[in-house]
Amino acid sequence: MIRFEHVTKRYPDGTTAVEDLSFEVAEGELVTLVGPSGCGKTTTMKMVNRLIDPTSGRILLAGEDIAAADPVELRRRIGYVIQQVGLFPHKTVLENTATVPQLIGTPKAQARARAAELLELVGLDPAVYGGRYPEQLSGGQRQRVGVARALAADPPVLLMDEPFG
């Protein structure tokens, strides 16, 4: 499903965040990157969805070199939960959760129904929380909304960057 082939990320100042990384993640497999702060875990994940491009090497997703993919389209196929949650402050919890399905063309009613289903899955009653804004939630509740949003379009890949830190 995901393959890193001799991937390196070196910044212009000479800092090497990731060096000659090769590994493969099979479909259905769960992989955890563990290491101290600053060792390249977040950089590695951001390279999968092209928020950061590698300096050298290749990353393949389902056999496709992601360097050839349109970054926006690629990101819509990958669920991503970031450290700071990243919810849109001007959108309700239900709207935040339905964002990606709507971006990929899911009819609004269907996207909202999926969002409500996922909010229930993460323990947030959509009748209670769906109309609230992120600022009206606790940090843990915002994290759960971030997870629900990442799952909303049924992505084949889910990246989670310390979502429960």
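Filter region 48-62 for residues that are open to solvent by less than 60 Å² (accessible area, probe 1.4 Å) and over 15 Å from Met160 (Cβ atoms) and give the result.
Answer for region 48-62, where residues must be open to solvent by less than 60 Å² (accessible area, probe 1.4 Å) and over 15 Å from Met160 (Cβ atoms): Arg50, Ile52, Pro54, Ser56, Gly57, Ile59, Leu60, Leu61.
Taking the criterion of being modelled with pLDDT of 90 or more, of a type in the set (Asp, Glu) and under 18 Å from Ala153 (Cβ atoms), would at least one residue in region 122-130 satisfy it?
Here is the first cut: in region 122-130, the residues modelled with pLDDT of 90 or more are 122-130.
Checking the rest, the ones that are also of a type in the set (Asp, Glu) come to 125.
From what is left, the residues that are under 18 Å from Ala153 (Cβ atoms) are none.
No: region 122-130 contains no residue that is modelled with pLDDT of 90 or more, of a type in the set (Asp, Glu) and under 18 Å from Ala153 (Cβ atoms).
Within the group Gln143, Gln102, Gln110, which residue is of a type in the set (S, T, N, Q), open to solvent by 30 Å² or more (accessible area, probe 1.4 Å) and touching a helix residue (DSSP H, G or I) at 6+ places or on another chain (Cβ under 6 Å)?
Details: Gln143 fails: touching a helix residue (DSSP H, G or I) at 6+ places or on another chain (Cβ under 6 Å); Gln110 fails: touching a helix residue (DSSP H, G or I) at 6+ places or on another chain (Cβ under 6 Å).
Selected residue: Gln102, the only one of Gln143, Gln102, Gln110 that is of a type in the set (S, T, N, Q), open to solvent by 30 Å² or more (accessible area, probe 1.4 Å) and touching a helix residue (DSSP H, G or I) at 6+ places or on another chain (Cβ under 6 Å).
Is it fair to say Glu120 is open to solvent by 70 Å² or more (accessible area, probe 1.4 Å) and farther than 22 Å from Arg142 by Cα?
Answer is no for this residue.
Among the residues of region 7-16, count how many are farther than 17 Å from Leu33 by Cβ and not in a loop (DSSP other than H, G, I, E, B).
Within region 7-16, residues that are farther than 17 Å from Leu33 by Cβ and not in a loop (DSSP other than H, G, I, E, B) number 1.
How about region 68-94: which of its residues are open to solvent by 70 Å² or more (accessible area, probe 1.4 Å) and over 15 Å from the mean Cα position of the chain (by Cα)?
Across region 68-94, the qualifying residues are Ala68, Asp70, Pro89, His90.
The values are calculated or read from the model by the stated rules, or taken from the named source; none is laboratory data. Computed from a prediction, not measured in an experiment: that's the story for all the values here. FYI the Cβ positions are ideal-geometry reconstructions off the backbone, even for glycines, and counts take in every protein chain you see. For the accessible areas, the whole protein counts, side chains as well, though only heavy atoms, and no ligand, DNA or RNA atoms are used. Shrake-Rupley method; radii C 1.70, N 1.55, O 1.52, S 1.80 Å.
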